[in-house]
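Since the structure comes first, as structure tokens, the remarks are kept for the end.
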Amino acid sequence: MSHVFIRTASIAGLALALMMAALTANAAPNGRALYENNCSSCHGVNGKGGVGVPLSLPSFLNSVPDSYLEKTIRYGRPGRVMPPHPTLSDAQIKAIVSHLRSFSNGKVPATLEALVKGDIKRGKKLYAQNCSSCHGANGEGGQGTGVTFSRPRDLPVIAPAINNPGFLLAATDSMIKATLMNGREGTPMKSFLKAGLKEKDIDDIVTFVRSFEKIKPSANRIVKNNESPVLVYDSQSDLKTTVENVKNAAKAENFRIIRVQDFENGLVKKGTESNREVIVYFCNFETLNNVLAVDPRVGLFLPCRVTVVEREGKVQVMSINPRYLSSMYNNDELDKFCDEMYAIYTNIIEEATL
Amino acid sequence: MKNLLAIILLVMVANPGVASESEGLIIHRSTQTFPEAMLALQTSIGEHGYTVSRVQRVDIGLTKSGYKTDKYRIVFFGKSSEIRAVKQSQPQLIPYLPLKIVIFSENNETLMVASNMTQFAVLTQQKDTRVLLERWNNDIHSIFTDVK
């Protein structure tokens, strides 16, 4: 009796499980929701957002195959703000691409893997004459990546980095060729056929652009992935003296002390703050404004801050590791700033803990 | 050559140090104006049981130097019991505490940015702390969802 019961129960259970599996398999991922969660922060809800290149222009969507969009989403553009998306499933990425397609209802080009074979030497010369003014001598792209609130949205689109490994992996030769032949109406990228180049010239340039693949990734990018998120030093002095040392060392580096406060200030009832962790905030307004112009997201770690902590009579001085931030932001233009800040933080902390 | 590139990129994507490139920051766009989004943000932080400890400007003089916006703030928040416990047992996490969200306007919309706290799990061996970092991360996502 009970046996029968168990059998029915398990058959019902199995049927239910199968149904659920069928349901989830059929429930296509919601491309629009995925886009809004993962992309709209930078590209805007309608793809016009203006971070990097706009995604909604018909001249763009009608000239790139799905594989280009899928790979761009998967691999991102290392060092150019556009993040990789390693955790999205293939089905989710396809759903996002369908959503991008809904921005414009033109014809979708097929992926053509055929290689373009041109004269690389000629291509190099033609590139220098026709392309480097916008895309840089080695395809490094225009200055700025567009993640900036200081940049009016009606400014011309920034030329993308076409030497970027993410771009080169996503783009087929035929897609690059089509982009040069047709241009992208509504952006500074014009048709080079109309501008007077021959198809042969364009083939030569495509071959040269493809050769950017041989550029090695910068050493900086490899190093920064091994940084610890924090800098921690032992101090030889007591807490009060160390705090004074930090202030003096920051001033010596041309910073203004903005505020010195107990760590718990505002978090617990006034008067009950622990006095064993003290934060020193300091700032140099010029640097701050310059770096916010490069990437406003950096404000998360500004103004500069060093914390002095006492545990059982031992005093430590600690801060974020600016070099670690490089890998958080995926923005090569911040690397110089992060290196500078790393030098400044270590100088200040070393000076203060002597 | 292309296959080689694919392999290199795959390795980079699979490497946790780089995976955090996509997950290192949580970025959220609200279609509300800055004052509306700011209000919604602080309300949601409170509703999630956190105390806002400070709202800080970092933009003093931003408009003077030609910026489009002076609407730029950092909101610090936390639960005192949690923060106390972590800073006591895992002081190396202090530089990333209390929690914070940067909020700034972009035309008529508002952008918000926070660190993904789970990336700092590398700094601790303690299971409880790792679980807490996970929850902080979920709460920040949930707070962002509230600020439509």
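The values are calculated or read from the model by the stated rules, or taken from the named source; none is laboratory data. Computed from a prediction, not measured in an experiment: that's the story for all the values here. Heads up, the Cβs are rebuilt from the backbone with ideal geometry, glycines too, and the neighbour counts pull from every protein chain shown. Heavy atoms of the whole protein, side chains included, go into the accessibility calculation; ligands, DNA and RNA do not. Shrake-Rupley method; radii C 1.70, N 1.55, O 1.52, S 1.80 Å.
Each label point was placed 7 Å from the Cα along the Cα-to-Cβ direction; for A:A252 and A:N275 their separation is 2.7 nm.
Among the protein heavy atoms of region A:78-122, carbon and sulfur supply 58% of the accessible surface, probe 1.4 Å, non-protein parts ignored. Given a 1.4 Å probe and the protein chains as shown, A:Y324 ends up with an accessible area of around 20 Å². Accessible area per residue for region A:213-354 is 44 Å², calculated with a 1.4 Å probe on protein heavy atoms, without ligands, DNA or RNA. For region A:178-312, lysine pairs with C-alpha atoms less than 27 angstrom apart, excluding pairs fewer than eight positions apart on the same chain, total 12. Between A:R122 and B:H48, the modelled labels are 5.9 nm apart [label points 7 Å from Cα along Cα→Cβ]. For the segment A:287-300, counting C-beta atoms of other chains within 10 Å of every residue's C-beta and taking the mean gives 5. The mean sequence distance of close C-alpha pairs (under 8 Å, at least 6 residues apart), as a share of the length of region A:31-210, puts its relative contact order at 28 percent.
Calculate the FRET efficiency for A:T187 and A:N290 from the Cβ-Cβ distance with a Förster distance of 22 Å, rounded to the nearest 0.05. Don't skip to the answer; put the middle values down first.
Numbers: r = 27 Å, r/R0 = 1.25.
E(calc), rounded to 0.05, equals 0.20.
Please give me the summed charge of the neighbours of A:G183: other residues whose Cβ is under 11 Å from its Cβ, Lys and Arg +1, Asp and Glu -1.
Details: positive: A:R184, A:K190, A:K194; negative: A:E185.
Taking every Cβ under 11 Å from that of A:G183, the sum is +2.
Between the beta carbons of A:E36 and A:N226, assuming R0 = 35 Å, the FRET efficiency works out to 0.55 to the nearest 0.05. Taking a Cβ cut-off of under 15 Å around A:S235, the surrounding Lys, Arg, Asp and Glu residues balance to a net charge of -3, with basic ones at +1 and acidic ones at -1.
Averaged over the residues of peptide B:92-103, the number of Cβ atoms from other protein chains lying within 10 Å of each residue's Cβ is 5.
Calculate the mean, over all residues of peptide A:253-265, of how many other protein chain Cβ atoms lie within 10 angstrom of the residue's Cβ.
Numbers: counts 0, 0, 0, 0, 0, 3, 2, 0, 1, 0, 7, 7, 3.
Partner Cβ neighbours, averaged per residue: 2.
For A:N265 and B:V122, FRET efficiency with R0 = 30 Å and r from the beta-carbon atoms, rounded to 0.05?
Working: r = 28 Å, r/R0 = 0.93.
After rounding, the FRET efficiency stands at 0.60.
If the segment from A:K194 to A:D339 were pulled out straight at 0.36 nm per residue, it would be longer than the present Cα-Cα gap by 47.8 nm.
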